[in-house]
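The values are calculated or read from the model by the stated rules, or taken from the named source; none is laboratory data. What you see is a predicted model; the values in this text were computed from it and never measured. Counting neighbours? That spans all protein chains shown, and the Cβs are built from the backbone with ideal geometry, glycine included.
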Amino acid sequence: MMIDWKKVDTVLLDMDGTLLDLNFDNHFWKEFVPLKFAEKQGLSIEAAKQQLQPRFKSMEGKLEWYCLDYWSDVLELDIAGLKAEISGLIAVLPHVTEFLEKAHQSPKKVYLVTNAHRGSLGLKMEKTCLQAFFDGIISSHDLGYPKEQAEFWRLLQQRVPFEKQSALLIDDSLAVLNSARQFGIAHLISVSRPDTKQPKKEITDYPAIEDFRELMAGL
């Protein structure tokens, strides 16, 4: 068994790439934003991608990378509006809903902890209706630090009291899992197929699931 549920009383769940298919975000940032940027600037899509990729890369792991307002300002595009345009691509990953139902019915506390900006978070909850399963939803923008930084976890523990040794975090980002491990969260699980349009990733640093059925035994 990947997790001994008797040792867990708090479940911390990432959103994009963990509960929701990362295909939406990958398509949005790698294809749709470059297309709209190219149209606005009178560029080819290839030229737009060449301009945007280093700008995106330089902000990875920073709070601004996840901030719709930041990218709206620097790219002069309505990022929240563009997300709404292709919101039909937002999808829940396989067997997530069954897992959430089971976790919600258990005595455990279940929290969504995400780097997603509140604008994106609101759109995704509206599309998926998953919010009913959580005891709380915390965005890194509420705390002022992304999950990749240790300060996020310290502030999260003040906001949502939990014991490190009985907390489980499930996240598709190795950088986030590394940060949580450094903070002392005892139970850490990765997701090997965050984007259903991409092949499964080989993960060696953490136990990894391809879908949530692998965790439902004993919950």
Being surrounded by 16 or more Cβ atoms within 10 Å (Cβ to Cβ) and out of contact with any Pro (no Cβ under 6 Å at 6 or more places or on another chain) is the filter here, so list the residues in the range 103-117 that pass it. Ala103, Lys108, Lys109, Val110, Tyr111, Leu112, Val113, Thr114, Ala116, His117
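Given the structure, is Glu98 over 27 Å from Trp5 (Cβ atoms) and charged (D, E, K, R)?
So Glu98 fails the test.
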So, in the range 67-114, how many residues would count as being outside any helix (DSSP H, G or I), more than 17 Å from the chain's Cα centre (by Cα), under 24 Å from Leu156 (Cβ atoms) and of a type outside the set (Gly, Ala, Ser)? 3
Restricting to the range 140-151, name every residue that is outside any loop (DSSP other than H, G, I, E, B), among the small types (Gly, Ala, Ser) and surrounded by fewer than 23 Cβ atoms within 10 Å (Cβ to Cβ). Ala150
Going through the range 126-139 in order, the residues found to be within 21 Å of Thr10 (Cα to Cα), within 15 Å of the chain's Cα centre (by Cα) and assigned to a helix (DSSP H, G or I) are Gln131
Take Arg154 and decide whether it is in a helix (DSSP H, G or I), surrounded by 14 or more Cβ atoms within 10 Å (Cβ to Cβ) and of a type in the set (Lys, Arg). no
When you check Glu64 against the structure, is it at pLDDT 95 or above and either among the polar types (S, T, N, Q) or part of a helix (DSSP H, G or I) (or both), yes or no? no
